[in-house]
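Colleague: One structure, as structure tokens, below. Some questions next.
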Amino acid sequence: MGIPGYVVSVAADGAQTFRVSAEAYDGHVGRYGQELARELIGVAGVINGMAVLDVGCGTGLLTAELADIVGVTGRVAAIDPSAPFAQACHARVPTADVREGRAESLPFNDGVFDAALAQLVVNFMTEPAAGVREMRRVTRKGGVVASAVWDYAGEMTLLRAFWDAAIALDPAATAADEGRVMRYCDPDSLAELWRAAGLTDVTVHELRPSAHYDSVDALWRPFTQGVAPSGAYTAALPADAQAALRDEYLRRLGHPTGSFTLTARAWAVRGSS
Ligand SMILES: C[S@@+](CC[C@H](N)C(=O)[O-])C[C@H]1O[C@@H](n2cnc3c(N)ncnc32)[C@H](O)[C@@H]1O
């Protein structure tokens, strides 16, 4: 059965599909957030005592890991345009200075951070070049600006299998496939974005986080709650089309039963301010 073309525009407003509950996000892509954050922090070289900024902090998965690393002698600030996410981040990390706002106009003075990080955010910025330039501006000379993005077109299993299933049922879903829509999901485009912002000593690293699921329901439910572009696509479908998509998705994942793990790949970039 074909699915009519319920295609959403992810570029229209990068924060739009993240105005959902923190629980829904944490059960979806957020499941990978802690492992991904630890790997990104390693790439960025964040250590105890640093002043750090988490741009597009979401529900605070990276913020919490940053707070652990920098400790009481360090300082953590975080910012996100989604009000429910900024509130969730504040609740998760009460010691952090959490603000509501966008990467493209950061409410911080020049050079006040040792490092500025953005986990899974640059593709959702309205103006990524301006957002990365702002991250550089607020980072001291010699400090680090770093980011991670999913390998949407390749080995981010959760989302790759989802879009492949959606396109198999509805070719029009190609227009929403994050592997095609996202501008920065490979090492070259990411490195170029960093260099164009004036960052130096730019390097790209492969990250391999994974996520554990207790059941296929735990995997599927967040899609139906409208989280992220994949959820927005799913939630817009009528019930029968959602059921067909679920079946095709689980078939492509090999019909997991009981508890299971999905692996993912992300690319991390770092550069010196
Ligand atoms: C995939 S989520 C990542 C959240 C969090 N960093 C994490 O790793 O769980 C993308 C986040 O980018 C935020 N966002 C969208 N547009 C943004 C912008 N222009 N500036 C900063 N953050 C933005 C969204 O609100 C959302 O929280």
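The values are calculated or read from the model by the stated rules, or taken from the named source; none is laboratory data. The structure presented is a predicted model; accordingly, all values stated were derived computationally and were not measured. Neighbour counts are summed over all protein chains in view; Cβ atoms, including those assigned to glycine, are modelled from backbone coordinates with ideal geometry.
Colleague: Taking region 81-131 as the search range and keeping residues that are within 11 Å of the ligand (Cβ to nearest atom) and of a type in the set (F, W, Y), which one is farthest from A51 (Cα to Cα)?
Modeller: Here the residue is F124.
Colleague: Give A96, A129, A103, A115 a once-over and let me know the one that is small (G, A, S), buried (at least 18 other Cβ atoms within 10 Å of the Cβ) and more than 25 Å from S21 (Cα to Cα).
Modeller: The conditions single out A115.
Colleague: Another one. Checking the structure you have, find out if any residue of region 251-260 is assigned to a helix (DSSP H, G or I) and more than 28 Å from M135 (Cα to Cα).
Modeller: yes
Colleague: Given the criteria more than 10 Å from the ligand (Cβ to nearest atom), modelled with pLDDT under 95 and part of a helix (DSSP H, G or I), does E39 qualify?
Modeller: Against the criterion (more than 10 Å from the ligand (Cβ to nearest atom), modelled with pLDDT under 95 and part of a helix (DSSP H, G or I)), E39 does not qualify.
Colleague: Moving on. Filter region 137-185 down to residues that are touching a helix residue (DSSP H, G or I) at 6+ places or on another chain (Cβ under 8 Å) and of a type in the set (S, T, N, Q) and give me whichever is surrounded by the fewest Cβ atoms within 10 Å (Cβ to Cβ).
Modeller: T174
Colleague: Hey, does region 34-49 have a residue that's more than 21 Å from E206 (Cα to Cα) and in contact (Cβ under 8 Å) with a residue 24 or more places away in the chain?
Modeller: Yes, there is a match, as at least one residue in region 34-49 is more than 21 Å from E206 (Cα to Cα) and in contact (Cβ under 8 Å) with a residue 24 or more places away in the chain.
Colleague: Now for a different question. Looking at A146, A165, can you tell me which residue is closer than 26 Å to P256 by Cα and either more than 16 Å from the ligand (Cβ to nearest atom) or not polar (S, T, N, Q) (or both)?
Modeller: A165
Colleague: Check region 42-49 and report whether any residue there is part of a loop (DSSP other than H, G, I, E, B), modelled with pLDDT of 95 or more and crowded, with 18+ Cβ neighbours inside 10 Å.
Modeller: Yes, region 42-49 contains a residue that is part of a loop (DSSP other than H, G, I, E, B), modelled with pLDDT of 95 or more and crowded, with 18+ Cβ neighbours inside 10 Å.
Colleague: Being charged (D, E, K, R), closer than 19 Å to R265 by Cβ and in contact (Cβ under 8 Å) with a residue 60 or more places away in the chain narrows it down to one of D151, D170, D201, so name that one.
Modeller: Just a single option satisfies the conditions, and that option is D151.
Colleague: Given the condition modelled with pLDDT of 95 or more and small (G, A, S), answer yes or no: does some residue in region 219-229 qualify?
Modeller: No - not one qualifying residue is present in region 219-229.
Colleague: Counting only residues that are assigned to a strand (DSSP E or B), more than 30 Å from S259 (Cβ to Cβ) and of a type in the set (A, V, I, L, M, F, W, C), how many does region 186-221 have?
Modeller: 2
Colleague: Among the residues of region 81-91, is any touching a Cys at 6+ places or on another chain (Cβ under 9 Å) and under 21 Å from L159 (Cβ atoms)?
Modeller: yes
Colleague: Determine, yes or no, whether V52 is of a type in the set (V, I, T), out of contact with any helix residue (DSSP H, G or I) (no Cβ under 9 Å at 6 or more places or on another chain) and more than 11 Å from the ligand (Cβ to nearest atom).
Modeller: Considered against the rule, which asks whether it is of a type in the set (V, I, T), out of contact with any helix residue (DSSP H, G or I) (no Cβ under 9 Å at 6 or more places or on another chain) and more than 11 Å from the ligand (Cβ to nearest atom), V52 comes out as no.
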